[in-house]
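What follows is a set of notes on a single structure, which appears directly below.
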Amino acid sequence: MGRIRSSYVVASLVIGLGAFALGARPGIPASSASQERVAPDERAATEQIRDLLEAQVREGFRKDGPPAKRDAHAKAQGCVKARFTVERALPATLRRGIFARPATYTAWIRFSNAVGSDDRSGLARGMAIKLTGVPGRKLLPAEANARTQDLLLVNYPVFNIRTASDYVQFFEANRAGTVDAFFAKHPRAGALTAALAAQRIGNPLLLRYFSMTPYALGDRYVKYSAEPVSCATRTVLHDAPPNPLPDDPNYLREAMTATLAHGAACYTFMLQLQTDPATMPIEDSTVLWSEARSPFVAVASIDMPEQRFDSPAQRRFCENLSYTPWHSLPANRPVGVINRIRRVVYDAISTLRHRLNGVARREPSGNESFEGSPTW
Ligand code: HEM
């Protein structure tokens, strides 16, 4: 253990010096490789998180019966077919990986509650985008030839937990009913969790979503955000949550269904470049990257045409999809501790639920079509 610790210290000093040397000019961040730091206990804590979540999925399966569900974001409001168009004439600095050239991809976008099945409660809301028909080798060796690129977003700009060992403690405190004691020790996590929980939501198609965690963009770093816009004018739209909330545990699904029954819904997808490694860190996803210092830049448009998305076959298809930030081209690689944990955990949980459900895990082609969904 002593040896591991001292070699870690030496390694991070070397990496750290490299980062300062590369980042010597103010405002020019170091290369992607140089800003990642792996804590000595990260690997063990990640394995612990995987084991805890696997046990939780098994327990849910024993108690509630099939199908075994996702450990997080189990309830989908809906999963819709969309077009994701990378803009023409992006600045040269942004043309990396999926954003390298103008193209239109068919996407499957799954909207979800992070926690719980009642739309009136629960914490974050998810928007998981899966682009199909994406050429090039991908990061996960087992799925290197997959033609998908995933972009996972939540309706809040920062994550509530900083490190792998904090995540273990947070999870265990939650289970033991002592989360207040955890928050007393980690007040920032407490404040962020409270802020997430306080958000009132009217319609999943009118929320602004964020990646929370950073990604490489070639040798730079970025965060992602998607903002709802009018399909006709591309001006920004805002959610107007009803007060009081409707007396319906599925009111978000109903709102989404009603919106797409009568017309299209659109988003602008944006990147925020890291311009200062000190105030826009890679390893701490609880820190907000200032939009005043580095505004988000539009790089793609998302169009969800009028459609129905509630056929049993489409629901089954979406339930069996697997989204992970690691379904990615190398140039758009997920970075930072929270994303490194997700590499291990999403694969384990998706594999487990597919095995328990007797369903093969496969990436979609984008040619799927269901009753009520667009035929392209
Ligand atoms: C250590 C931190 C995290 C853990 C342990 C975790 C865990 C999970 C797990 C187990 C799933 C289900 C995977 C599957 O069965 O296919 C999931 C789904 C999801 N996570 Fe996370 N997550 C973490 C952080 C984040 C962050 C920072 C975001 C921010 C965007 C996020 C967004 C999502 C979304 C949107 C889904 C739903 C994907 C879908 O629709 O299938 N998660 N997460």
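Of note:
- Derived value for segment 241-297: Kirkwood hydrodynamic radius 15.1 Å. Basis is the mean of 1/r over every pair of different alpha-carbon atoms.
- Computed on segment 278-364, with alpha-carbon pairs under 8 angstrom and 6+ residues apart, the relative contact order is 31 percent.
- Extension gain for the segment residue 232 to residue 361, taken as residue separation times 0.36 nm less the Cα-Cα distance, is 42.7 nm to one decimal.
- Based on alpha-carbon atoms, the Kirkwood radius and the radius of gyration of segment 311-376 give Rg/Rh equal to 1.04.
- Diffusion coefficient of segment 25-183 by Stokes-Einstein, Kirkwood radius over Cα pairs, 25 °C, 0.890 mPa s: 128 µm²/s.
- Hydrodynamic radius (Kirkwood) for the chain, which is based on Cα pairs only, to one decimal in Å: 21.6 Å
- Convex hull volume of segment 217-375 per residue (C-alpha atoms, cubic angstrom): 178 Å³
- Qualifying aspartates and glutamates (Cα of each under 18 Å from Cα of residue 185; at least 8 residues distant if same chain): 166, 172, 284
- Spin-label model, residue 264/residue 279: points 7 Å from Cα along the beta carbon direction are separated by 3.8 nm.
- Note: relative contact order over the chain, using C-alpha pairs below 8 Å and six or more positions apart, is 23 percent.
- Counting every pair of alpha carbons in segment 70-112, the share spaced more than 17 Å apart comes to 50 percent.
- Sequence ranges 51-58, 177-184, ranked by mean other-Cβ count within 10 angstrom, highest first: 51-58, 177-184
- Per the Debye calculation on segment 206-257 with a single equal scatterer at every Cα and no solvent contribution, log₁₀ I(q)/I(0) for q = 0.14 Å⁻¹ amounts to -0.59.
- Computed over the alpha carbons of segment 263-330, Rg followed by Dmax gives 17.5, 49 Å.
- Sparse packing (at most 16 other Cβ atoms within 10 Å of the Cβ) combined with a DSSP loop state is found for the following GluC sites (Glu not before Pro) in segment 250-309: 291, 306.
- Rounded to whole numbers, the Karplus 3J(HN,Hα) couplings from phi for segment 164-175 are 5, 6, 4, 5, 4, 4, 4, 4, 5, 5, 4, 5 Hz, using 6.51 cos²θ - 1.76 cosθ + 1.60 with θ = phi - 60°, and x at Gly and Pro.
- Size descriptor for segment 32-95, Kirkwood hydrodynamic radius: 16.6 Å (Cα pairs only, one decimal).
- Pairwise centroid distance, computed over Cα atoms, of segment 253-304 with segment 95-110, Å: 15 Å
- Computed over segment 147-303, the ratio Rg/Rh where both radii use C-alpha atoms and Rh is Kirkwood: 1.00
Each value in this text was obtained by applying a stated rule to the coordinates, not by laboratory testing. These numbers were taken from a predicted model, which means no experiment stands behind them. All Cβ positions, even for glycine, are placed from backbone atoms using ideal geometry, and neighbour counts span all protein chains on display.
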